[in-house]
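**Student:** Got a structure here, written out as structure tokens. Questions coming.
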Amino acid sequence: MTTTATERPVEQADRIDEMDFRNVMGHLPTGVVAVTGIEASSAQPVGMVVGTFASLSLDPQLVTFSVARTSSSWLKVRSGGRFSASMLAEGQDAVCRSLSRKGDDKFSDVDWHSSPDGAPRIGGAVAWIDCEFLQELDGGDHVIVIARVLRMATAPGAPLVFHKGRLGGYRDALAAA
Ligand SMILES: Cc1cc2nc3c(=O)[nH]c(=O)nc-3n(C[C@H](O)[C@H](O)[C@H](O)COP(=O)(O)O)c2cc1C
């Protein structure tokens, strides 16, 4: 493996340190997606942010993301059966912070409108995917969620990017390269 002066080889045979794992994975930029629904018991909007959202299958049309087993928000979103995935736009850092904090009142400062199923779609996002929960698979300390795509929509704009522990746009990710 070639390393530069600022790089540290991460090659432990037994167990890689968790922070090393996070730091190395941080080199891969991800989109920032709000997964939001209506909790069945309270009828309140609920949600969280994931950086693990991806397409899984074209036929049938499926998407996937992974959720920490400790997440309370995912259980609330899942309870509604149907939810929306909003791909956040560059500049929506505050929306990301609101939806990724712990607690109940995540939507007080967040602009949203309802999908045809009633799930919150985040205003100003660059794309929305309305989903139906299908199943969870074991993913270590996470669960791998699989959901069916119900409908999709897009809007002009550039996506929010998470890279090396920071939120920004494509230009910021390039500048940090
Ligand atoms: C950029 C970003 C990406 C994230 N990606 C994930 C993810 O893929 N899976 C996950 O479980 N949590 C992820 N989180 C953390 C959750 O959004 C959130 O902090 C957590 O679910 C809040 O706890 P709660 O679910 O108990 O409300 C991410 C947070 C940020 C800011």
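A short reminder: the numbers here are calculations on the coordinates, not readings from a lab. What you are looking at is a predicted structure, and each value in this text was computed from that prediction instead of being measured. Here Cβ is always computed from backbone atoms with ideal geometry, including for glycine, and neighbour counts include all displayed protein chains.
**Student:** Looking at the chain, identify the longest residue range that excludes and avoids all GluC sites (Glu not before Pro) in DSSP loops having at most 15 other Cβ atoms within 10 Å.
**Tutor:** In short, 12-177.
**Student:** For the chain, take the convex hull of the Cα atoms, compute a quarter of its surface area, and give me that in nm², please.
**Tutor:** 11.9 nm²
**Student:** Which shape class, rounded, prolate or oblate, goes with the range 23-71 when its Cα gyration tensor gives a ≥ b ≥ c as root eigenvalues, a/c under 1.5 marks rounded, and past that a/b bigger than b/c marks prolate?
**Tutor:** oblate
**Student:** Taking 0.36 nm per intervening residue step and subtracting the Cα-Cα distance, what contour gain separates S71 from R97 on full extension?
**Tutor:** 7.8 nm
**Student:** Scan the chain and report its longest stretch carrying no trypsin sites (Lys or Arg not before Pro) that are both in a DSSP loop and have at most 16 other Cβ atoms within 10 Å.
**Tutor:** With trypsin sites (Lys or Arg not before Pro) excluded where exposed in loops, the chain gives 103-163 as its longest stretch.
**Student:** May I ask you to derive the FRET efficiency for S114 and D172 from their Cβ-Cβ distance with R0 = 35 Å, giving the value to the nearest 0.05?
**Tutor:** The value I calculate is 0.65.
**Student:** Apply the Karplus parameterisation 6.51 cos²θ - 1.76 cosθ + 1.60, with θ equal to phi minus 60°, to every residue of the range 110-125 and state each ³J(HN,Hα) to the nearest whole Hz, in sequence, with x for glycine and proline.
**Tutor:** Running phi through 6.51 cos²θ - 1.76 cosθ + 1.60 with θ = phi - 60° gives 10, 7, 8, 9, 8, 6, x, 8, x, 6, x, 9, 6, x, x, 5 Hz.
**Student:** Using only helices, what value at 222 nm comes out for the chain when you add -39,500 (n - 2.57) per DSSP H run of length 4 or more and divide by the total residues, to the nearest 500 deg cm²/dmol?
**Tutor:** -4500 deg cm²/dmol
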